[in-house]
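Trainee: Attaching a single structure in structure tokens format; questions to follow.
We did not get these values from a lab; they are worked out from the coordinates using the rules stated. Note that the coordinates shown come from a computational prediction; the quantities given were computed from them, not determined experimentally. Note: ideal-geometry Cβ built from the backbone for every residue, glycine included; neighbour counts use all protein chains shown.
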Amino acid sequence: MARVRVLVGTRKGGFVLTSDASRRAWTIEGPLLEGCEVFHLQASSLDPDRLYASVWTPWFGNVIQRSDDGGRTWTALESKFQYVPPVESYKGLSGQPETWQFRRTWTLKPVANPGGGETLLAGVEDAALFQSLDDGATWTEFSALRHHPSHSDWEPGAAGCCLHTVVPDPEVPQRLYVAISAAGVFRSDDGGASWRSMNKGLRADWIADPANAEAGYCVHRLALHPARPHVLFQQNHCGVYRSDDRGETWQEITEGLPSEFGFPIVIHAHEPDTVYVVPMTSAERRYPPEGCLRVYRSRDGGGTWEPLGNGLPDRHCYVNVLRGAMAVDQLDPCGVYFGTTGGQVFGSRDSGDSWALLADNLPRVLSVEVQTLEG
Amino acid sequence: MPRVTVVLPWHLVRLSGSGGKAVAVDVPAPPGEEVTLGDVVDALARQHPVLGTALREPIPTAGPAGSSGWRLRPYIRAFAGTHDLTASGLEARLPRECLDGNEPVRLVGAIAGGSPGSEPGSRKEMAAPGE
């Protein structure tokens, strides 16, 4: 019988929630790596018991930890993320140039290699993309991305200038998308050797001429469905968007949502046109509209939206759901999961029709990933 | 080659797998030569590579070189016995007592390190981690 494991990264360690395929009863293990901020807890694409954690503390910085036993024991890896010279500047918060400086790893993306083995990709702050070919022991940068001609127009969002989303194209191994706040979406068709900005059609209220700007867009999250990889969806600071041409152009699909602002966006495991977002009131407030937590689902690729609230708080709810804190399982019906800044983890075992509180009173949830395991 | 005892905070003991708070490191230095805190951290990093990036960070410098060296992380305090070396950073010279093995070098996390938003003007004042 299949099992589901929800990997939760929080401000004070990682947690693992496990259930059988019924997804009715959950066990909670943790905190793992206690005392540390677990920015992202992620599973290998090859070995379900191999986990990677992006760990950070204000004192000792960033370290990648690896577990080969499902999180019971961990090995700290050397975690040297060194930018390839030359190192230049982006547009700092004050508008003045700010020199690139490695701060932390935002996201880890294991990708199975066609010829065997696994490449581990890491998106970091200040924005750059690294890869490891030895299970996280050493890292090298895809420096052409950071040297993109638009780099001096990249700027930090409220949480820094970060590369937070890595989306490989499952059909074309050399094609890779990344999302950077606040620079935008970039695509490589040659395995990271060169990059193009993919931001036509996006709004950016802080750019004087967004129609002609290559960068400066605040994409919050990017998603594609493996069965239809030429279609992309993104939740942006300024709306929700869809691209039908591999990111070349974007069409806004915000209409029908209570707010254009939010962080995560995920796609149903078996229905490429079913998309989920969690709208927040605005960039200034970052809580659910009217204190009523709702997931919004579109079953027609963004044409229409419906609120999903059965089992979610109806009032006095002022949490946020961060960009990496929502994921789906691979069962049928599809399970959907998200964590909040208030330490709750909610799950739905019926594609969002109803929700259950799987965990409460955890630390602030920073990331949620889901493993669907056999046996 | 002086053998220096370094006392690590709990988090770094666990991170490095050193097995205990006190770690002895051999610091390559000709007899009579000065030994700096940076030399000790280098030796520590050779023995436990993960400590290299946990204790120091590259100095960001725009230009073709990419970095102009390393500095002690801002929330780390270093002591030689009771003498605070922090202000001099990795350039701090170790006193003879540490090189003779009579005093340890102590590395601790600063009390101010608990909040990423605690630096005035920090971008982290605007939003919490991940947001």
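Trainee: Which whole number gives the average count of other chain Cβ atoms within 10 Å of the Cβ atoms across peptide A:253-259?
Mentor: Counting other chains' Cβ atoms within 10 Å and averaging over A:253-259 gives 0.
Trainee: Between segment A:1-55 and segment A:300-375, what's the alpha-carbon centroid distance in Å?
Mentor: Cα centroid to Cα centroid, the span is 15 Å.
Trainee: Enumerate the amide H contacts of A:Phe142 below 5 Å, restricted to partners 5 or more residues apart or on another chain; note that Pro and chain-start residues carry no placed amide H.
Mentor: Here the answer is A:Leu129, A:Phe130, A:Gln131, since their amide H atoms fall under 5 Å of that of A:Phe142.
Trainee: Let me check I've understood the local charge: for A:Tyr177, count other residues with C-beta under 10 angstrom from its C-beta, Lys and Arg +1, Asp and Glu -1. What total comes out?
Mentor: Values: positive: A:Arg175, A:Arg187, A:Arg246; negative: A:Asp169.
Every neighbour counted, the sum reads +2.
Trainee: Oh, and also: For segment B:1-51 and segment A:135-180, compute the distance between their C-alpha centroids and round to whole Å.
Mentor: Comparing the Cα centres of segment B:1-51 and segment A:135-180, I get a distance of 35 Å.
Trainee: If you don't mind, another one. Among the lysines, which have Cα under 19 Å from the Cα of A:Lys91 when same-chain residues fewer than 8 positions away are ignored?
Mentor: Correct list for A:Lys91: B:Lys124.
Trainee: For the residues A:Ile64, B:Ile111, B:Ile76, what sequence is obtained by ranking on other C-beta atoms within 10 Å, fewest first?
Mentor: On the way: A:Ile64 26, B:Ile111 8, B:Ile76 23.
Final ranking by Cβ density, sparse to dense: B:Ile111, B:Ile76, A:Ile64.
Trainee: Restricting attention to segment A:299-375, which trypsin sites (Lys or Arg not before Pro) occupy a DSSP loop and are surrounded by at most 10 other Cβ atoms within 10 Å? It would help to have the intermediate numbers written out before the result.
Mentor: Working: sites: A:Arg299, A:Arg315, A:Arg323, A:Arg349, A:Arg364; in loops: A:Arg299, A:Arg315, A:Arg323, A:Arg349, A:Arg364.
Taking segment A:299-375 and a limit of 10 other Cβ atoms within 10 Å, the loop trypsin sites (Lys or Arg not before Pro) found are A:Arg315.
Trainee: At a Cα cut-off below 12 Å, give the aspartates and glutamates reachable from A:Lys12, other chains included and same-chain residues fewer than 8 away excluded.
Mentor: A:Glu34, A:Glu37
Trainee: Going Cα to Cα from A:Lys80, which lysines come in below 19 Å? Please leave out same-chain ones fewer than 8 positions away.
Mentor: A:Lys109
Trainee: What are the residues whose amide H is under 5 Å from the amide H of A:Arg286, where those residues sit 5 or more places off or on another chain and H is modelled from the backbone?
Mentor: Close amide H contacts, sequence-distant or interchain: A:Thr281.
Trainee: Considering only the other residues whose Cβ falls under 11 Å of the Cβ of B:Lys21, what net charge follows from Lys and Arg at +1 and Asp and Glu at -1? Please report the intermediate quantities before stating the final value.
Mentor: On the way: positive: B:Arg14, B:Arg106; negative: none.
That sum, taken over residues with Cβ under 11 Å, equals +2.
Trainee: Please average, across the residues of A:97-104, the number of beta carbons from any other chain that are within 10 Å of each residue's own beta carbon, and give a whole number.
Mentor: On the way: counts 1, 3, 7, 5, 6, 5, 4, 2.
The shielding value for this peptide is 4.
Trainee: Work out the mean other chain Cβ neighbour count within 10 Å for the residues of B:14-24 and drop it here as an integer.
Mentor: Numbers: counts 6, 9, 1, 3, 0, 0, 0, 0, 0, 0, 0.
Taking the mean over all residues of the peptide, I get 2.
Trainee: Quick one: net charge of A:Asp20's neighbours, Cβ under 13 Å, K/R +1, D/E -1? Kindly include the intermediate steps, with their values, before the conclusion.
Mentor: Numbers: positive: A:Arg3, A:Arg5, A:Arg23, A:Arg24, A:Arg349; negative: A:Asp329, A:Glu374.
That works out to +3.
Trainee: Pull out a ≥ b ≥ c, the square roots of the eigenvalues of the alpha-carbon gyration tensor of chain A, then state rounded if a/c is under 1.5, prolate if not and a/b is larger than b/c, and oblate in the remaining case.
Mentor: Details: a/c = 1.41, a/b = 1.11, b/c = 1.27.
Cα axes put chain A in the rounded bin.
Trainee: When the dipole is taken about the Cα centre of segment B:3-125, and only Lys, Arg (+1) and Asp, Glu (-1) are charged at their Cβ, what size is it in debye, to the nearest 20?
Mentor: 440
Trainee: What ranking do A:His230, A:His268 get, fewest neighbouring Cβ atoms within 10 angstrom at the top?
Mentor: Details: A:His230 14, A:His268 20.
The fewest-first ordering by Cβ neighbours comes to A:His230, A:His268.
Trainee: Next up: Listed highest first by mean packing, meaning other Cβ atoms within 10 Å per residue, what order do A:175-186, A:237-248, A:133-144 come in? Please report the intermediate quantities before stating the final value.
Mentor: Values: A:175-186: 27.1, A:237-248: 20.3, A:133-144: 17.3.
Averaged packing, sorted descending, gives the order A:175-186, A:237-248, A:133-144.
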